[in-house]
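Data first, discussion second: the structure below is written as structure tokens.
The values are calculated or read from the model by the stated rules, or taken from the named source; none is laboratory data. Just so we're clear, the structure is a prediction, and the values are computed from it rather than from any experiment. Note: ideal-geometry Cβ built from the backbone for every residue, glycine included; neighbour counts use all protein chains shown. All accessible areas refer to the heavy atoms of the entire protein, side chains included, with ligands and DNA or RNA removed. Shrake-Rupley method; radii C 1.70, N 1.55, O 1.52, S 1.80 Å.
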Amino acid sequence: MKQISRIVCVGNSLVAGDAIGILVYHELRSRQYGDHIEIIEGGLDGINLLPWFEGCRKIVLVDRVIGFGEPGAVLRLDLDAICKDWQEAYSHSGGLLYLLNSLPFLKIEPMPSVCMIGIEGAGGRDIVRRAADLALEAVHENV
Amino acid sequence: MTTTVYMPMNRVEGDLEVKVAIDDGIVTDAWVIGTMYRGVEAMLIGRGALDGLVITPRICGICSTSHLLVAAMALENLAGSPVGTNARMVRSIALGAEKLQSDLRHIFLMFAADLVSSGYAQHPLYLEAVRRYQPFKGSTVVTTILATRKVLEITAILGGQWPHSSFIVPGGITSQPSKADLRQCRMLLSEFRRWYERTVLGCSLERIEAIKNSMQLEEWISGKEVHRDSELGFFLRCGQAFGLDTMGRSHESYLTAPDYIGANEPGWGGGGFIDGGVLQPFDQVRIAEQVKHAKYHTRSSSGHPLATDTHPTEQADAHKYSWCKAPRYNGRPAETGPLAEALARKDPLFGQMIAAGGASALTRELARLLRPGRILLDMEQWLRNIDTDQPYYHPVDLPLDGAGMGLIEAPRGILGHWIQLSGGYIDHYQVITPTTWNASPRDDQDVRGPIEEALVGTPVRNPADPVEVGHVVRSFDLCMVCSVHAVSKKGASLGRLRIGT
């Protein structure tokens, strides 16, 4: 039996500038992606996303990012790179970055491979499709 | 000489800036500044009556159950429709789960992070504080993340979905938890209780409940090594050693919402306003928002939440410094949260502590640290009392026109939604969150908001690193939402681009 992998799309559907993760979620849901892959709408959750990191081989996060490239860029970031840049980054309840920085210390078994598809700018239709392509490509890769 | 320090607050949800004037190492004045406009109310105008159930939970990624619940209660209040016992208990359990995770994460992940500030490096307790509270990897941090992760599964089981549960609707809940579901919830709760008693308290809930005053609390700490070294014991020792019990006294007026949903008797559930040590019954008509110092049009934006709009000013006068309004009860500022809740409940320990010396940053956190004990006992009782043979939902005939309100005690204090429908559409919507009470600017009489008042008198050893200001502000567990959930490579400390309050 194949192990589950998950794509977790993060963002705020009510704020145009931060909705792109959710748009990618809807794009992915309209595609064929295989029954060993789960697509999750992570919304604004941070540490509360932890259960989705358990019992799977791979997590691909999809979120808007700032400062990595020109608007419209869609990038793949690995967990080590994310944590290296954002040691101080967390909100009062422990946001997503707090969770990512804590992951190595939580002793999750098995520890999933984690990467992020980061999207620069609010995005458009083509960018949503490109981010969805990259997310599926990443989730299908061998760990 | 007076030094003015601007302090952007990280680890506070959304945008907040605190400005303090420091004279000879003491804060002499303070301004709490909400830096961004929230605007959720404006978004709701003209939408369908039920849209608040979908939109307002997105106000906050932490308290989404609280907003969902209050939005449903406002519509039930408008319809004059009571809610069945089963639904009230399931709702209360979900709200309890939200409070459990919020309280403990705030204390150990966010508040305690300041206790490892380099300013305390010479203190004998410092190394142990680092071992426990170091961000991401401290022993207490890790165990708190893992324990609170499990408790939210209760909401997933009861609501049938997590995250973004939307199972609370006018008339009850849409799910039908079975006996097996409730059994699973009881198991999860038992697991959490075991962790809370063994690790956080170092003793049973009953033993903690037997503590009635600060002398007995000191005796409890010194009585056994397991108490002294528990999370509660160490946090208290650390807090006292670092002087957290000597800073943060505010107006000594407290506001708590009635517990309509948890009450056995619908329509009454305690709560109230405490001023001058006297508890007055709660009456929501005494709530009014004031905007002399908030960046809104004074004429249309002041008054009771059902009678006022939220109209931002394009060019605010210089004395308008915050995007938070200033809610007042009976014209008075009031702090809200677990400490206010304990006082309204006439908890003897906190009653004695406040009577003896007033509130402090440490008292507020202690109230937050002990609240899970009472919540756990309540949740256990509700889980036992749900009768799966009885309905979880009754249809509600929602009128096309009318007004209603919902009020609960959310994780950070009193949360209210006020709604007015016209022809089946939302004509008016107002939300007052707990943080709006606590982080309010000065009011129409120029009286400081609760946090501003609490900051005055705070000693600051190093204005370049005013960690004491952080202790006082964070003791209110602010939540200035909504957050735009983006990450910035160059952002110095904030993990999100924010559009809060």
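So if I place +1 on the C-beta of Lys and Arg and -1 on the C-beta of Asp and Glu, and nothing else carries charge, what would the dipole magnitude of the protein assembly as shown be about its Cα centre? I want it in debye, nearest 20.
On the way: 63 positive and 73 negative charges, 186 e Å.
Its charge dipole is roughly 900 debye.
Tell me, how many Å apart are the Cα centres for the range B:201-249 and for the range B:51-98?
35
Quick one: Karplus J couplings for the range B:16-21, per residue in order, coefficients 6.51, -1.76, 1.60, θ = phi - 60°, nearest Hz, x for Gly and Pro?
Per-residue couplings from phi come out as 8, 10, 10, 10, 10, 9 Hz.
Once amide H atoms are placed 1.01 Å from N in the peptide plane, what residues at a sequence separation of 5 or more from residue A:61, or on another chain, have their amide H within under 5 Å of its amide H?
Correct list: A:8, A:115, A:116, A:117.
On the full set of protein chains, 1.4 Å probe, figure out the accessible area of residue B:473 and give it in Å² to the nearest 10.
Answer for residue B:473: close to 0 Å² accessible.
May I ask for the accessible area buried between chains A and B, both sides summed, probe 1.4 Å, to the nearest 100 Å²? Can you show the working numbers first?
Numbers: alone 7780 and 20030 Å², together 23750 Å².
When A and B are taken together, about 4100 Å² of accessible area is lost.
Looking at the range B:122-136, which residues lose a minimum of 50 Å² of accessible area between their chain alone and all protein chains in place, measuring with a 1.4 Å probe and not counting ligands or nucleic acids?
Residues passing the criterion (a loss of at least 50 Å², heavy atoms only) are B:136.
Hey, what did the range B:296-428 get for relative contact order, percent, Cα under 8 Å, at least 6 apart?
Details: 104 pairs, mean separation 28.7, N = 133.
After rounding, I find 22 percent.
Could you work out what % of the accessible surface of chain A is carbon and sulfur, using a 1.4 angstrom probe and leaving DNA, RNA and ligands out of the count?
Numbers: 2880 of 5750 Å².
Of the solvent-accessible surface of chain A, carbon and sulfur hold 50 percent.
Where a Cα-Cα gap under 18 Å defines reach, which aspartates and glutamates qualify for residue B:346, not counting those fewer than 8 residues away within the same chain?
Result set, ordered by chain and number: B:206, B:209, B:252, B:259, B:275, B:335, B:365, B:378, B:409.
Near the amide H of residue B:27, under 5 Å away, which other amide H atoms are found, from residues 5 or more places off or on another chain, if H is placed in the peptide plane?
Sorted by chain and number, the residues that satisfy this are B:457, B:458, B:460.
Looking at this model, which pairs from B:150/B:179; B:99/B:137; A:58/B:150; B:137/B:224; B:99/B:224; B:19/B:320 are more than 25 angstrom apart at the alpha-carbon?
Correct reply: B:137/B:224; B:99/B:224.
Work out how far the C-alpha atoms of the range A:2-129 reach from end to end along every principal axis, then list the three figures in whole Å, largest first.
38, 37, 24
Accessible area per residue for the range B:272-392 in Å², computed with a 1.4 Å probe and the full protein assembly in place, what is it? Please report the intermediate quantities before stating the final value.
Working: 4830 Å² over 121 residues.
On a per-residue basis, the range B:272-392 sits at 40 Å².
Output ³J(HN,Hα) for the range A:36-44: one whole-Hz value per residue in order, computed from phi by the Karplus curve 6.51 cos²θ - 1.76 cosθ + 1.60 with θ = phi - 60°, and x for Gly and Pro.
Computed from phi, the couplings for the range A:36-44 are 9, 10, 10, 10, 10, 8, x, x, 9 Hz.
Where in chain B is the longest stretch that carries no trypsin sites (Lys or Arg not before Pro) classed as loop by DSSP and with at most 12 other Cβ atoms within 10 Å?
Details: sites that count: B:346, B:461, B:490.
Looking at chain B, B:1-345 is the longest stretch - no exposed trypsin sites (Lys or Arg not before Pro) with at most 12 other Cβ atoms within 10 Å.
How many Å² of accessible area per residue for the range B:119-259, probe 1.4 Å? It would help to have the intermediate numbers written out before the result.
On the way: 5930 Å² over 141 residues.
With the other protein chains kept in place, the range B:119-259 gives 42 Å² per residue.
What FRET efficiency, computed as 1/(1 + (r/R0)^6) with R0 = 41 Å and r the Cβ-Cβ distance, is obtained for residue B:213 and residue B:304, rounded to the nearest 0.05? Write down the numbers at each step before the final one.
Numbers: r = 39 Å, r/R0 = 0.96.
Result of the calculation: an efficiency of 0.55.
Roughly speaking, what is the stretch gain from residue B:467 to residue B:401, that is 0.36 nm per residue apart minus the C-alpha to C-alpha distance, in nm to one decimal?
Working: separation 66, 0.36 × 66 = 23.76 nm, distance 5.08 nm.
Here the answer is 18.7 nm.
First compute the accessible area of chain B with a 1.4 Å probe, then give the percent of it belonging to carbon and sulfur atoms. Please report the intermediate quantities before stating the final value.
Numbers: 9140 of 17990 Å².
Summing carbon and sulfur atoms, their accessible area is 51 percent of the total for chain B.
List the residues whose amide H sits under 5 Å from the amide H of residue B:169, counting only those 5 or more places along or on another chain, with H placed 1.01 Å from N in the peptide plane.
Excluding prolines and chain starts, which carry no amide H, the hits are B:174.
From Cα pairs below 8 angstrom and at least 6 apart in sequence, can you work out the relative contact order of chain B, rounded to a whole percent? The partial results should precede the final answer.
Values: 1028 pairs, mean separation 128.6, N = 501.
Relative contact order, chain B: 26 percent.
With all pairs of different alpha carbon atoms counted, what Kirkwood hydrodynamic radius in Å does chain B show?
Details: mean 1/r = 0.0433 Å⁻¹.
Result for chain B, one decimal place: 23.1 Å.
With a point put 7 Å past each Cα toward its Cβ, work out how far residue A:140 is from residue B:316 in nm, to one decimal.
About 5.1 nm, to one decimal.
Rounding to the nearest 20 debye, state how big the charge dipole of chain B is about its Cα centre with +1 on each Lys and Arg Cβ and -1 on each Asp and Glu Cβ. Display every interim value, and only then the final one.
Numbers: 50 positive and 54 negative charges, 246 e Å.
For this selection, approximately 1180 debye.
For chain A, the longest stretch holding no GluC sites (Glu not before Pro) located in a DSSP loop with at most 16 other Cβ atoms within 10 Å is which? Spell out each step's value before the answer.
Details: sites that count: A:54, A:88, A:141.
Longest site-free region, per DSSP loop and neighbour criteria: A:1-53.
Please work out the average accessible area per residue across the range A:101-143, using the 1.4 Å probe convention, and give it in Å². Intermediate values should be presented prior to the final figure.
Values: 2030 Å² over 43 residues.
Solvent-accessible surface per residue comes out at 47 Å².
Considering protein heavy atoms only and a 1.4 Å probe radius, which residues within the range B:147-168 exhibit an accessible-area decrease of no less than 30 Å² in the full assembly relative to the chain by itself?
When all protein chains are present, B:149, B:162, B:163, B:164 each give up 30 Å² or more of accessible surface.
Might you report the magnitude of the Cβ-based charge dipole of the range B:43-109 about its Cα centre, with Lys and Arg at +1 and Asp and Glu at -1, to the nearest 20 debye?
On the way: 6 positive and 4 negative charges, 13 e Å.
It works out to roughly 60 debye.
So what's the protein assembly as shown giving for Rg/Rh, alpha carbon basis, Kirkwood Rh from the mean inverse pair distance? Write out the running numbers ahead of the final one.
Numbers: Rg = 23.6 Å, Rh = 25.1 Å.
Reported Rg/Rh (Cα atoms, Kirkwood Rh): 0.94.
Which parts of the range A:94-108, residue by residue, lose 40 Å² or more of accessible area when the rest of the protein chains are there, as against the chain isolated (1.4 Å probe)?
Residues losing area: A:98, A:105, A:106.
Please report Rg (one decimal) and Dmax (integer) in Å for the Cα set of the range B:150-260.
When restricted to Cα atoms, the range B:150-260 yields Rg and Dmax of 19.4, 50 Å.
Give the calculated FRET efficiency between residue B:127 and residue B:330 to the nearest 0.05, with a Förster radius of 30 Å applied to their Cβ-Cβ distance. Intermediate values should be presented prior to the final figure.
Details: r = 48 Å, r/R0 = 1.60.
Efficiency at R0 = 30 Å is approximately 0.05.
Output wanted: per-residue J couplings in Hz (rounded whole) for the range A:15-23, from phi through Karplus 6.51 cos²θ - 1.76 cosθ + 1.60, θ = phi - 60°, x for Gly and Pro.
Running phi through 6.51 cos²θ - 1.76 cosθ + 1.60 with θ = phi - 60° gives 10, 3, x, 10, 8, 5, x, 6, 5 Hz.
Determine the relative contact order of the range B:281-360: mean sequence separation of Cα pairs under 8 Å and six or more apart, normalised by residue count, in whole percent.
On the way: 96 pairs, mean separation 22.3, N = 80.
Computed value for the range B:281-360: 28 percent relative contact order.
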